[in-house]
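A short worksheet on the structure shown next.
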Amino acid sequence: MTELRIMRGREWSRPVRPARREVLSAVPEVEEGRPPLLFVPGFGHGAWAFAEHWLGHAASRGFPAYALSLRGHGGSEPAPEATLRAYAHDVVQVAAGLPRQAVLVGHGAGALVVAHALARYPARGAVLVAPVFGGWGMLSTAVRRNPAGTLPAVFGGPLRLSRAQLFSRELPDEEARRYVARLGRAGRRAQWALLGEPEAEPAVGAPPVLVLGSPDDRVVPASTLTRIARRYGSAPLLFPGMGHDLMLDARWAEPIDAILDWLEKEPAAR
Amino acid sequence: MSTSTDHGRPDPDATPSAQSPEGRPLSDRGDTVCVIGAGASGLTAIKNLREHGFGVDCYERETGVGGAWNWRHDRSPVYASTHLLSSKPFTQFPDFPMPDSWPDYPHHSQLLAYFERYADHFDLRSHVWFGTEVIRVEPAEGDRWDVTTRSTGGYGPERTSRYAAVVIANGHNWSPKLPRYEGLEEFRGEIMHASSYKDPAQLRGKRVLVVGAGNTGCDIAVEAAQQASRCWHSTRRGYWYAPKYVLGRPADQVNDALLALRVPLRVRQWLYHWTLRLTVGDLTRFGLPKPDHRVYETHPIANSQLVYYVGHGGIGPVPDLARFRPYAVELADGREIDPDLVIFATGYLPRFEFLDASVFGDSAGTGRPTLWLNAFTPGHPTLAVAGLVQPDSGMFTLAHWQTVLFARLLQARRDRPERAAAFAQRVRDRAGERYSGQVKDSSRHWFEVGHADYLRAVQRALHDLEAK
């Protein structure tokens, strides 16, 4: 990992331009003193992806749950020129606006955004769900599986993930089609950043990090999950038989229950 | 977040484990660190020490957080119109940004809200003893510290606790510095220090003389131009009055674009002079004295309105004061003016009345401590001062990194003592180091640092402490 950086000349002299952000939430009826969760969707997804199942489920188990749409996604302000830094800024802004120190949960490329946000906000803990950290290996996998949806992104076009990449066969066709139709796109500069596998600065406040995913994910291979988990000093939790979008797939309850169980047991995240 | 080193609040009955030299009962707080003050620097000290696994007891003489920025506090110097002088990116804590919806230069009430949110977000209040002042801090054996406290105002019993380390964050903008003038006692008009200036209504309809061209003096002069019937502004020398915006952006952000490129000081000074000439213009045309120094050699003044009001006749620039007469003030150039209110915006001096001056190597009693990185004391490895800096930028970022460095130093004392020893040696060798270009020699500039030079020095210190 890179070194802790105190001098941040570029961030001081060119701060990220503010943007209106959509934040959806579900909070438990009785405050139980549990840390708030902030869900960060991946590229193309909005806060809606977590509002379907995970927000409500987390709230029903006593965790205040929030999800944001990164700029240019869902109900947030359009931002075609958004960068990875702007996305990380969005996450840190929302996290710092929550009443108490939050746990960041990033999905897909949202996990990469969370990894960068962790260098600017001392989260109580972090969960990386099917993390897409970029790099050429991941690109070649995606091109092999879905050339028509992936190649345009290399030239600044939209990245279109297919139903087969995102969901297992267990998910009813009609539901899957509905979700795929809701997908948007990330800014091209942010998409290009994925090619370089941009390395994050070390997390501040040494939060515990959980990595989870599916060995049958057609976007993130199991070997990548293991590599990223090792970087944070652990092994990935695996949910066989699920697609990339664990929060929307047929068995969505298993991963979120595992995350909440982990939070209840992890002393530093309590 | 709770950790094993969290001892909760000290309980005087539970641990009367030792006696102080004078035989007073002493509660031993183990590895806990004591933080003095719950202002900006104290809060970030609590947060960062907790984050590094230390238990913290913080003592705060007031009943709320925010220190100088809490206008309810009797030592708060803020006035109704106080706004930030540095824009948001330079002012906020580096890991807790101010909301995007706030302006470039927030108001002091927003800053207080920011500190309150910071305290709640990281659950800091449970570590603070409010309404408790520290009256003595004495070194004890094993580099530990005996801290004696009592209720603010002096009633109630004294209590002494022994701590592993102490962070002094008592602020340096609360003890007014008043210059001496011949005849000041005979002057029949009203005299106040800027610390008691709260509201422009205090100026309305009066003939006001403002002394001092710090940022506060300039702010008050501008308000007097708007409210008073007459305003004079006395300055010792000519200054550079920098606008808060240049090229449509906050001026400090433009300046740091050059700093980030490591443009040399001389070139930056030249560019700055050139920009000011184009935007503000020739100050002598307005009757203001020509600056006797280059920009960056005195603490920067960020005020877009002062020159504007001089140009509108609202502010009459005058030189230094020579002496006071019962109904007039004589100026250094022999002129006489007749104000009925004189406001001394002449700054503040730091005070550590709870600490023996010898601890800070200040045997002469000048009040100026000899420190490394404005924070570390030779010979006292477990003592740090937070926020004793006067940067050309926001200071909370600096206090944040000072306390992170101190927390990591305390960790190193435990885990890698040889590193901590090397750090202590550097403190002895380099105490008194400056982190700015040449500045005018006055108590105003005792703690003046350039934020880039200073933070680079902290970054190096952190790196030396933790390098493999």
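The values are calculated or read from the model by the stated rules, or taken from the named source; none is laboratory data. As the structure is a prediction and not an experimental result, all values here were calculated from the model. Methodologically, a virtual Cβ is constructed for each residue, glycine included, from the backbone with ideal geometry; neighbour enumeration extends over all protein chains shown. We work out accessible area using only protein heavy atoms, side chains counted, and drop any ligands, DNA or RNA first. Shrake-Rupley method; radii C 1.70, N 1.55, O 1.52, S 1.80 Å.
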Under 14 Å, Cβ to Cβ, from B:Gly66 - net charge with Lys/Arg +1 and Asp/Glu -1: 0
Cβ neighbours within 10 Å from other chains - mean over A:85-92: 1
Neighbourhood charge, 15 Å Cβ-Cβ cut-off, centred on B:Gly212 and excluding it, Lys, Arg +1 and Asp, Glu -1: +3
Solvent-accessible heavy-atom area per residue, rounded to whole Å², over the protein assembly as shown at 1.4 Å: 41 Å²
Peptides ranked, highest mean first, by Cβ atoms within 10 Å: ranges A:15-21, A:244-250: A:244-250, A:15-21
Protection-proxy order for peptides B:172-185, A:35-48, B:153-166, each taking the mean of Cβ atoms within 10 Å per residue, highest first: A:35-48, B:153-166, B:172-185
By average C-beta atoms within 10 angstrom, highest first, the peptides A:104-115, B:56-67, B:310-321, B:278-289: A:104-115, B:56-67, B:310-321, B:278-289
Principal-axis tilt of helix B:108-121 within chain B, Cα atoms, nearest 10 degrees: 10 degrees
Kirkwood Rh, Cα atoms: Rg over Rh of the stretch B:159-275: 1.11
Burial of 40 Å² or greater, the stretch B:247-279 residues [accessible area, probe 1.4 Å, versus chain by itself]: B:Arg249
Sequence-distant lysines (8 or more away, or on other chains) whose Cα lies within less than 26 Å of B:Lys440: B:Lys177, B:Lys244, B:Lys290
Charge tally in the Cβ shell below 10 Å around A:Arg14, where Lys, Arg are +1 and Asp, Glu are -1, A:Arg14 excluded: +2
Filtered trypsin sites (Lys or Arg not before Pro), the stretch A:158-249: DSSP coil and at most 16 other beta carbons within 10 Å: A:Arg160, A:Arg169
Portion, in percent, of the accessible area of the protein assembly as shown that falls on carbon or sulfur, probe 1.4 Å: 52 percent
Anchor A:Lys265: lysines whose Cα lies under 24 Å away (excluding residues fewer than 8 positions away in-chain): B:Lys47
Three-way shape call for the stretch B:55-174 based on the alpha-carbon gyration tensor, with the a/c threshold at 1.5: prolate
Prolate/oblate/rounded label for the stretch A:164-255 (Cα gyration tensor, a/c 1.5): oblate
Rounded, prolate or oblate (a/c below 1.5 giving rounded, otherwise prolate when a/b exceeds b/c) for chain B by Cα gyration tensor: prolate
Shielding of A:262-268 by partner chains, average beta-carbon count, 10 Å: 1
Chain A - percent relative contact order, Cα under 8 Å, separation 6 or more: 21 percent
log₁₀ of I(q)/I(0) at q = 0.12, 0.15, 0.24 Å⁻¹ - the stretch A:68-178, Debye sum with one point per alpha carbon: -0.52, -0.79, -1.35
C-alpha long axis of helix B:215-227 to longest principal axis of chain B, angle in °: 50 degrees
Intensity falloff of the stretch B:178-346 expressed as log10 I(q)/I(0), Debye formula with alpha-carbon point scatterers, at q = 0.18, 0.19, 0.20 Å⁻¹: -1.10, -1.19, -1.29
List of the stretch B:95-111 residues, accessible area with partners at least 30 Å² below that of the chain alone (1.4 Å probe): B:Asp95, B:Pro97, B:Asp100
Spin-label proximity, A:Ala206 to the stretch B:28-47 - amide N less than 14 Å from point 7 Å beyond Cα toward beta carbon: none
Amide hydrogen neighbours beyond the local backbone of A:Val127, cut-off 5 Å, H modeled: A:Leu104, A:Val105, A:Gly106, A:Leu210
Rg to Rh quotient for the stretch A:9-269, alpha carbon positions, Kirkwood Rh: 0.93
Sequence-separation-based contact order of the stretch B:178-346, relative, with Cα cut under 8 Å and 6+ spacing, percent: 41 percent
Quarter of Cα convex hull surface for the protein assembly as shown, i.e. mean projection, nm²: 34.9 nm²
Size of the A/B contact, given as accessible area buried on both chains, probe 1.4 Å, in Å²: 2700 Å²
Contact order relative to length of chain B, as percent, for alpha carbon pairs under 8 angstrom and 6 or more apart: 18 percent
Per-residue average of Cβ from other chains inside 10 Å of A:8-21: 6
Chain B: calculated mean residue ellipticity at 222 nm from DSSP helix runs of at least 4, using -39500 (n - 2.57): -8500 deg cm²/dmol
